[in-house]
Amino acid sequence: MSDEPDNDLTNEDDLVAADTAVETIPEPDPNAVAITLNGREIVARKGETIIAAADREGEYIPRFCYHPRMSSVGMCRQCMVEVDTGRGPMLQPSCMITVLPEMKVETNTPMAKRAQEGILELLLINHPLDCPVCDKGGECPLQDQTLSHGPGESRFVEEKRHYEKPIALSEHVLLDRERCILCDRCTRFADEVAGDKLIQFIERGNATQVSTFPDEPFSSYFSGNTVQICPVGALTAKPYRFKARPWDLEQVESTCTSCSVGCRISVHSSRDELLRFQGVDTGADSDSVNWGWMCDRGRFNFESIEAGHRLGVPLVRSEAGLVDTSWNSALELARQLIDGASSIGLLGGARGTNEGAFAWAQLADAVGIAHRDAQLGDGLSAELLGVPRATINQAAAANTVILVGPDLKEELPVLYLRLRDAAVHGHTKIIEFSSQSTGITRYAWRSIRHAPGLGPVEIAKTLADPTIAAQIASGDVVLVAGRSNMAVSEATALAAVQAVLSAVPNATVLPALRRGNVVGALQLGLAPVDVDHDALATLRLAAAGHLDLLVLLGADPINDCPDADLARRAIAGARHVISIDTLPSESTQQADLVFPAAAFAEQRGTTTNLEGRVSRLNQKVTVHGTARPDWMIASELASVLGHDLGFTSIDDVTAAIAATVPAYASATPTAIDSADGVLAVNTGGGLPSVEATEAQPSGYDYRLVVSRKLYDRAVSTTMSPSLAKLPIGAGAHLHPADHDRVGEPDGAEVRLVSASGSVVLPLVSDDTVQRGTIWAPFNQAGADITDIVDSSTAVTDVRIERLT
Amino acid sequence: MSRLNDSNVALAREIIARYPKQKSALIPLVHLSQQQNGYVTEEAMRHIAELINVTPAEVYGTASFYEMFRFEPTGKYLINMCGTLSCALLGAKQLLHHAEHTLGIKAGSTTPDGLITLQHAECQAACTEAPTLQVNYRHRFRVTPADFDQLVDDLRAGKLDNEIPPHGTLGRNRQQIPADRAVGAQHPDDVTSGPAWIEIVPAGGE
C-alpha cells in the first residue's frame, strides 16, 4: 500500500522533508487519548469521561444522573458499560471513568445490556408508573430509556412506596417523592451551579428523599432549572403542572429578553397559549451564553403575557378617562400631537426588539426628536458601549474580573451563574467594589466595601495595593461595569468606572446594563447625544413644562426612574404623553394616547445582549388583540406623518439594520440564526470625561444605597401570578448594630429624611448592609424610597426619625 | 433555649478550630446540641449552620442519616427494645406490649412527664442474652416483664443516676488538645506532599 502513491507526490514530499527532516512527524496532541469504542477507534480528550466521549461520537449510553454541566457522581448506575483496560472487560459506570490510552469500551454487549436492564428494573421498583397523569410523560428520560434500554417487564409484585403528594420545595417547585429516583441532579444543581444549598437528601438510607430544611423553602432564583433537569416527573413547576401534554406542545427557539444577558430559550405553547420556557444549551463547546440555565424571573414571567391584563386596543384620553379607539383615529391623533409639538422626548425602546428600536430611531430622526434615551437615568452612559467590549466567555475565562456595578445575582442572574462558575471551578479571581454584601461576595477574591459615592481616588488606591496590582498584572482583566446604587448620581458611578479603566487601561468591559435590549436600543440610535438630552434631562424639561410631547416606548418612568418624584412631575408637566406598551402601568394610566404593543413571543425579530450578541427572537403565539410590533407602529406613524421608512416586513428592518449600522453589518438573518448569534459591537469613542465630585460628609447619619432585587414591582413580575408574591417589599435595611442604635423593633416604621424629602418605611435588620448606610430595595410595594432621592446630587444622605 | 448556650458555643468554636474545614465539625456539633437539649432541635441546627457557615439544609441532610440523632423531643431515658430474631423468639413482642402497658404509651412516644421514651429497635448485638433492651444505649440483658417494671421504678426513683446519664450525654472526659500538641490542621487544598506514612520515591531514585 505504501508503494501505491505516484512518484511526483512522494518526490515533492521528499523535497520538503529533506529540509525539515525531523519536524514533519506531527507532534502528538497531548490532549488526545485514543480509545476503542464499540470496536471503533476514536480520539477522546484527556480527562473526559467515557460517557462524554461516547456522546460526541454519537454512541448513546443511557443515563439519569450524568449531566454535562455538572460533576459526575455515579448515583444512578444506569450508564454501566464494559471497560477493558488490559485486565479483561469489567462493568463500570461510564460517567465515573476517565478515558485512558488503549481503553476498550463496549456499550452494547450482552453483559452491559443486562446491567442496564437490571438497573432500570431496580429504579422502577418504587417508581409509580403513573405516566398517564404525570406531566413528564411523553418527554421523560425514565420512560424513554425504559423503552430503549429496559427489561420490558418487572418481577416486582409487592406494594410500592407511597408518599404525601406533592410537597412544595419552593413557591414554584413541587416534589412528588415517590417518582424520584435519587439521581442527585437537583441537589447537585443547587450546590454546584446555583450555590444555594437549600435542598438536600435527608434520612439517607432506605428512606432517602430530597427535602428542604423545615420552613426554609428552596427560594433560589434558579429553582426552575431543577424542574428542567429532573430526569423523571418528581419535580414539577407550578405554572406548568397539569397544563399540557408534551406531545401537544409546539416549541420554537428564542432569546429571553427579561434582562440583557440574552439567555437562549425554547418557548413552548399549546393551542396558542404560552405554557413554559426552557433554557437551551447548544453544547459544551459552542454555548457562550447561558449553558442551558435560566433564572426564575425569565422562566415564569411569560404568565404576564397571558395574564389577561394586556393592552389590546389603542386607548385615548377623554373626559371619561382612557377609552378604546381605533388604530386609524389613534394614528391620526398621534400625527396631530407630533405635528403640533415643537419639543418631543422619546424614552424607552429597551423592552423590545432591535427592529423596534431601530424603526423608532429612524422615525425620531425623521421628525427631529432631539431628546431620546433608552434608559431612565438608572443605567450608565451609552458611551460605555464604545469601550472595547468583552464577551461573557471572555469574562468567565479572564484572570481577573473587576466588578463595579450592580449585584449581578439580582439584576443579571445568569451572568452571576457564569461568573460564579468561573470563580469556583475556574481560575478567575473577582475583585468586587460594593457598598453592601452581594450575591457574588462569597465567591470574590477581594470584596471591597466602600461608602456610597465611591471616588476615583479610593479606587486607584485600592487597585495600587501590591497584592491586587500583582493579580491584575498577571493576566487579562474584564471590567463588569454598571450602576450599583441609584441613590448615587450617574456621573459619580461613571467616574468610578473611569477610574478603573485608567488604572487598568487594557481591561475590556462587559456592560452590566439591565433591560432586555438596552444595548441594542443604544447601539441602534436610541442613545442620547449628550447628558443634556438624556432621560433625566428630558424629564426635567417636561417637569418644567417645556416639553410638548413625551413618547414612552415601553417605558414606565414613574416606577423605573430612580427619581420618582421627577418622573411624576414630568408626566404631569408634559403637555401630551403617548405611551406604547404591552401592559398597563402607572405611566400608561396617565398618557393621553396609548398604543398596544406586541409582547415577547408575539413577534419575530432580533435582540442584542450585553455582549453585543445579536440573536433571534421568534414568534410563537398570535398577537394579543390588535396590538402591533413596535417597528410597525413606528412605520405607520411615519407614513401618516409623510415620511416613508421603507419597511413592509420585519425582515426589511433587519436588513436595513445590517445595511446601515456598521456594527451590525454581519448581522444577516442566516448569521443570526446560527447557534452562536453574531457579535455587533461598535467600539471607539470611549467614556466622556466626567467631573467626579467627591462626596462630602454631611450632618446626616446614614448614606443611602438603593438597588434592585430580582423581583420588584415591574409589571412583568406583578402580573405573573407565580412571581407576584416574591418581592420583599419596601423597607429600610440597617446593619444590626445600627438597628440596635435606633432602638426600634424590627418592622417598626421610621421616617427617613433626606435633603429632598422624607418617607416612612419599616426597619429591617440586615447583616449584609454596611454600618453607616441604609440599603433600600428599589421599586417595591410600599412607600417609595426614590421619593427622597434627588437625581441632581452626587449621593443621598439621610437621617432616621422615630415616629413615636 | 434550644440554640447552643454560651458555654457550648465556646466549646463549639474550639471544636471547629480543630478542623481545616469548618464543615468537618458538623457531626461533633450536632452531638453537642443533642447533649444540651436531649435531642437535635431545629433551632440548634440553624445555629450550627451559622457557626460552620453552611445551610441548615446541609446540617439536617447530614444529621438525619444517623440513627442516634433524634429530631423529636426525647425523654431523659431512651429505652430501645430489640425486636430482631433472637429477642423475638424469646418474647420481645410481649415484652414491648408489657412496656407499653406499664408506661401507658405506645412505642415511639414519650411519657407525659418527659422521663422515658420507648422505641422498638433492631439487633443490639447481644443475641445470647435475649431479650435485650438499652437505656440510653446501656444494655440490659435477659429482661423479664418484672425486670422492666423494676427498671422503670429505679429510673423514676433516680437510683440509676450514677449509672445512666441523661439521653444525649457525651463522654464525661472531653478531649483536650493543647495547642502545642495539635498536629495542625492543614486544608486539603494546601496539601502538596503525600501522607507521612507513604514513602515517596524521588523520580529517578533507587
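Give me the dipole magnitude in Debye, nearest 20, for the protein assembly as shown about the Cα centre, with unit charges on the beta carbon: positive for Lys and Arg, negative for Asp and Glu. All intermediate terms of the calculation are to be shown ahead of the outcome.
Numbers: 85 positive and 128 negative charges, 640 e Å.
That gives the protein assembly as shown a dipole magnitude of about 3080 debye.
So for segment A:255-304, taking the charge dipole from beta-carbon charges (+1 Lys/Arg, -1 Asp/Glu), which of A:290, A:267, A:301 sits furthest toward the positive end?
A:301
For residue A:156 and residue A:245, FRET efficiency with R0 = 35 Å and r from the beta-carbon atoms, rounded to 0.05?
So, using R0 = 35 Å, E works out to roughly 0.80.
So for A:556, A:324, what's the accessible-area order with a 1.4 Å probe, most first? Kindly include the intermediate steps, with their values, before the conclusion.
Values: A:556 20, A:324 110 Å².
The ranking, largest first, comes out as A:324, A:556.
With every protein chain in place, what's the accessible area of residue B:93 (1.4 Å probe, Å², nearest 10)?
140 Å²
Would you mind giving the mean number of other chain beta-carbons within 10 Å of the Cβ of each residue in A:197-204, as a whole number?
Across A:197-204, the average partner-chain Cβ count within 10 Å equals 6.
Would you please give the FRET efficiency between residue A:85 and residue B:175, computed as 1/(1 + (r/R0)^6) with r the Cβ-Cβ distance and R0 = 41 Å, to the nearest 0.05?
FRET efficiency, residue A:85 to residue B:175: 0.40.
Using a 1.4 Å probe on protein heavy atoms only, how many Å² of accessible area do B and A hide from each other, summed over both chains and rounded to 100?
For chain B against chain A, roughly 1200 Å² becomes buried.
State the cysteines of chain A left without a partner when partners are defined as other cysteines whose beta carbon lies under 4.7 Å away.
A:79, A:95, A:131, A:134, A:140, A:180, A:186, A:230, A:259, A:295, A:561
Calculate the spin-label point distance for residue A:491 paired with residue B:93, positioning each point 7 Å from the Cα along the beta-carbon direction, and give it in nanometres.
Reported label-point gap for residue B:93 and residue A:491 is 8.9 nm.
R0 = 56 Å: FRET efficiency of residue A:643 with residue A:758, Cβ-based, nearest 0.05? Numbers along the way, then the final one.
Working: r = 48 Å, r/R0 = 0.86.
So, using R0 = 56 Å, E works out to roughly 0.70.
Taking H placed 1.01 Å from N in the peptide plane, check which residues at least 5 places from residue A:80 or on another chain put their amide H under 5 Å from its amide H.
Amide H to amide H, under 5 Å and 5 or more residues apart or across chains, residue A:80 pairs with A:94.
Under 1.5 on a/c is rounded, so check that first for segment A:289-416, then, if it is not, pick prolate when a/b is larger than b/c and oblate when it is not; a ≥ b ≥ c are the square roots of the alpha carbon gyration tensor eigenvalues.
Oblate.
Nearest 20 debye, what's the magnitude of the dipole of segment A:702-802 about its Cα centre given +1 on Lys and Arg Cβ and -1 on Asp and Glu Cβ?
Numbers: 10 positive and 13 negative charges, 40 e Å.
I would put it at about 200 debye.
Tell me, how many Å apart are the Cα centres for segment A:593-609 and for segment A:727-769?
If we compute the Cα centre of each part, the gap is 39 Å.
I need the shape label for the protein assembly as shown. Rule: rounded when a/c is under 1.5, else prolate if a/b > b/c, else oblate, with a, b, c from the alpha carbon gyration tensor. Intermediate results must be reported in sequence, preceding the final value.
Details: a/c = 1.78, a/b = 1.40, b/c = 1.28.
Here the protein assembly as shown falls in the prolate category.
Once the whole set of protein chains is in place, how much accessible area is left on residue B:65, using a 1.4 Å probe, in Å² to the nearest 10?
100 Å²
Please list, ordered by chain and number, the residues whose modelled amide H lies under 5 Å from the amide H of residue A:597; skip anything fewer than 5 residues away on the same chain.
Result for residue A:597 returns A:581, A:582, A:628.
Within 10 Å of each Cβ of B:50-56, how many other protein chain Cβ atoms are there on average?
If you average over the peptide's residues, the count of other-chain Cβ atoms is 3.
Could you give me the ³J(HN,Hα) list for segment A:389-406, computed from phi with Karplus coefficients 6.51, -1.76, 1.60 and θ = phi - 60°, whole Hz, x at Gly and Pro?
So the J values, rounded to whole Hz, are 9, 9, 9, 4, 4, 5, 5, 6, 10, 5, 5, 9, 10, 9, 10, 10, x, x.
About its Cα centre, how strong a charge dipole does segment B:77-157 have in debye, to the nearest 20, once Lys and Arg get +1 and Asp and Glu get -1 at the Cβ?
140 debye
Across segment A:86-94, in residue order, what do the Karplus-derived ³J(HN,Hα) couplings come to in whole Hz, using 6.51 cos²θ - 1.76 cosθ + 1.60 with θ = phi - 60° and x for Gly and Pro?
Whole-Hz 3J(HN,Hα) from phi for segment A:86-94: x, 10, x, x, 9, 6, 9, x, 6.
Per residue of B:41-48, count partner chain C-beta atoms within 10 Å of its C-beta, then hand back the mean as an integer.
Other-chain Cβ atoms within 10 Å of each residue's Cβ, averaged: 1.
So how tilted is helix B:26-37 from the main axis of chain B? Cα-based, degrees 0 to 90, rounded to 10.
Rounded to the nearest ten degrees, it is 40.
With the alpha-carbon atoms as the only input, what is the per residue convex hull volume for segment A:702-802 in Å³?
Each residue corresponds to 96 Å³ of Cα convex hull volume.
With a sphere of radius 10 Å drawn around the Cβ of residue A:597, what net charge do the other residues whose Cβ falls strictly inside it have (Lys, Arg +1; Asp, Glu -1)?
Once all neighbours under 10 Å are counted, the net charge is 0.
Find how much the distance from residue B:85 to residue B:14 grows on full extension, using 0.36 nm per residue of separation minus their present alpha carbon separation; answer in nm with one decimal.
Details: separation 71, 0.36 × 71 = 25.56 nm, distance 4.38 nm.
Result for the pair: 21.2 nm of gain on full extension.
Quick check for you: which residues of segment A:63-78 have the amide N under 13 Å from the point 7 Å beyond the Cα of residue A:130 toward its beta carbon?
Label zone hits: none.
What list of ³J(HN,Hα) couplings, whole Hz, do you get for segment A:586-603 from phi and the Karplus terms 6.51, -1.76, 1.60, once you set θ to phi - 60° and write x for glycine and proline?
Coupling constants for segment A:586-603: 4, 6, 5, 4, 9, 7, 8, 8, 10, 9, x, 10, 5, 9, 4, 6, 9, 8 Hz.
Nearest 10 degrees is fine. How inclined is helix A:630-640 to the longest principal axis of chain A, computing both from alpha carbons?
For A:630-640 against chain A, the angle is about 40 degrees.
For the Cα atoms of chain A, what angle does the longest principal axis make with the long axis of helix A:7-19, in degrees from 0 to 90, nearest 10?
70 degrees
Which residues' amide hydrogens lie under 5 Å from the amide hydrogen of residue A:774, considering only partners 5 or more residues apart or on another chain, with H built in the peptide plane?
The answer is A:703, A:704, A:705.
Not counting ligands, DNA or RNA, and with a 1.4 Å probe, what is residue A:756's accessible surface area in Å² rounded to the nearest 10?
Around 60 Å² of this residue is reachable by solvent.
Over chain B, what is the relative contact order in percent, taking alpha-carbon pairs closer than 8 angstrom and at least six residues apart?
Relative contact order for chain B comes out at 20 percent.
Would you please put A:273-285, A:636-648, A:26-38, B:27-39 in order of how densely packed they are, using the mean number of other Cβ atoms within 10 angstrom per residue and starting with the highest? Could the numbers behind the result be given before it?
Numbers: A:273-285: 18.2, A:636-648: 16.2, A:26-38: 12.8, B:27-39: 20.8.
In decreasing order of mean packing, A:273-285, A:636-648, A:26-38, B:27-39 become B:27-39, A:273-285, A:636-648, A:26-38.
Compute the length gained on full extension between residue A:531 and residue A:366: take 0.36 nm times their separation in residues and subtract their Cα-Cα distance, giving the result in nm to one decimal.
Working: separation 165, 0.36 × 165 = 59.40 nm, distance 2.17 nm.
Full extension of this stretch gives 57.2 nm more.
Net charge around residue B:120, counting only other residues with Cβ within less than 13 Å of its Cβ (Lys, Arg = +1; Asp, Glu = -1)? Numbers along the way, then the final one.
Numbers: positive: B:93, B:106; negative: B:67, B:100, B:122.
Cβ neighbours under 13 Å give a net charge of -1.
Under a Cβ-Cβ cut-off of 10 Å, what is the net charge of the residues other than residue A:563 that fall near it, where Lys and Arg count +1 and Asp and Glu count -1? Walk me through the numbers before you get to the answer.
On the way: positive: A:540, A:568, A:569; negative: A:378, A:565, A:787, A:790.
Every neighbour counted, the sum reads -1.
State, to one decimal in nm, how far the label point of residue A:622 lies from the label point of residue A:803, with both points 7 Å from Cα in the Cβ direction.
Placing both labels 7 Å along Cα→Cβ, they lie 5.0 nm apart.
Can you list the cysteines of chain B that have no other Cys Cβ under 4.7 Å away?
Flagged as lacking a Cys partner: B:123, B:127.
The values are calculated or read from the model by the stated rules, or taken from the named source; none is laboratory data. If you're wondering where the values come from, they're calculated on a predicted model, not measured in any experiment. Cβ: placed from backbone, ideal geometry, glycine included. Neighbour counts: every protein chain shown. The accessibility values were calculated without ligands, DNA or RNA, using every heavy atom of the protein model including side chains. Shrake-Rupley method; radii C 1.70, N 1.55, O 1.52, S 1.80 Å.
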